[in-house]
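Q: Dropping the structure in here first, questions after.
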Amino acid sequence: MTKIAVVLASTRPGRRGEPVADWVLKHAAQRTDAHFELLDLAQVNLPPLDEPMPPATGRYTHEHTKAWAATVAGYDGFVFVTPEYNHSYPGALKNALDRVYAEWNNKAAAFVSYGFDGGVRAVEALRPVMATLQLADVGSQVALSLHHDFTGFTEFTPAEHQAGALTTTLDQLVAWSTALATLRVPG
């Protein structure tokens, strides 16, 4: 069965992403076409990039990088749950993406973003990174506004239409993750 990681990108205290990731997982649990599980970057705790060789070489020397590579390799697709920080995405996510290379290749990515403007600039900053990592990012996304989808900017209370946006996004992600599996079959 297709295996999808819901990547919780924010690692800072008081982050708003935990209830968002829980909401994604709750909706995903109703599906029978893929298995979804949480991948919380705060729990992975990767240090800043410390590999002596570029990740594209695949020559990882540190155990934390080898473990991260094995984790990423175990998934067919990813839902990145990301806030928007300063018109981009969190440094912890950049570090996690940059640490390995081949393990991301020929997989699919989707985005659930949040912020004052729905986190859309974070997603726009992520799309070229996805292309470089050979991650096929789906067109549909969920953009959650701190004004409309969070009560008092803190309590996650998604607007009704967001469930439909999430369904469309997950439909595209599962379809692309499944289709790209044929490219990952060892020759």
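Rule-based calculations on the coordinates, nothing more; no lab input. From a predicted model like this one, the values you see are computed outputs, not experimental measurements. Don't worry about glycine lacking a Cβ; one is built from the backbone with ideal geometry, like all the others, and counts go over all protein chains shown.
Q: What's the extension gain from Thr132 to Thr151 if we count 0.36 nm per residue and subtract their Cα-Cα distance?
A: So the chain would gain 3.2 nm between Thr132 and Thr151.
Q: 5 Å is the cut-off here: which amide hydrogens, built 1.01 Å from N in the peptide plane, fall below it relative to Val79, excluding neighbours closer than 5 in sequence?
A: Ala5, Val6, Val7, Ala110
Q: Treat the count of other C-beta atoms within 10 Å as a stand-in for reagent exposure and order Ser88, Ser10 from fewest to most.
A: Listing Ser88, Ser10 from fewest to most nearby Cβ atoms yields Ser88, Ser10.
Q: So, one more: Per-residue HN-Hα couplings for the stretch 45-51, Karplus 6.51 cos²θ - 1.76 cosθ + 1.60 at θ = phi - 60°, whole Hz, x for Gly and Pro?
A: Each residue's phi maps through the Karplus curve to give 6, 6, x, x, 3, 9, 7 Hz.
Q: Within the set of other residues whose C-beta is less than 14 Å from the C-beta of Thr71, count the net charge using Lys and Arg as +1 and Asp and Glu as -1.
A: -1
Q: Give me the dipole magnitude in Debye, nearest 20, for the stretch 2-184 about the Cα centre, with unit charges on the beta carbon: positive for Lys and Arg, negative for Asp and Glu.
A: Using only the charged Cβ atoms, the result is roughly 320 debye.
Q: Give a quick list of GluC sites (Glu not before Pro) in the stretch 96-172 that DSSP marks as loop, anything other than H, G, I, E or B, with at most 13 other Cβ atoms within 10 Å.
A: Passing both the DSSP loop test and the Cβ count: Glu160.
Q: Under 16 Å Cα-Cα from Lys66, which aspartates and glutamates qualify once same-chain neighbours fewer than 8 residues away are excluded?
A: Within the straight-line cut-off, Lys66 pairs with Asp50, Glu51, Asp98, Glu103.
Q: If exposed chymotrypsin sites (Phe, Trp or Tyr not before Pro) are those in a DSSP loop with at most 16 other Cβ within 10 Å, what is the longest stretch of the chain that has none? Don't skip to the end; give the middle numbers.
A: Numbers: sites that count: Phe116, Phe153.
Excluding the exposed sites themselves, the longest stretch runs over 1-115.
Q: Let me ask something else about it. Multiplying the sequence separation of Met53 and Ala163 by 0.36 nm and subtracting their Cα-Cα distance, what value in nm do you get?
A: Roughly 35.4 nm would be gained on extension.
Q: For Lys94 and Thr182, calculate 0.36 nm times their separation in residues minus their Cα-Cα distance, and state this gained length in nm to one decimal.
A: Answer, rounded to one decimal: 28.9 nm.
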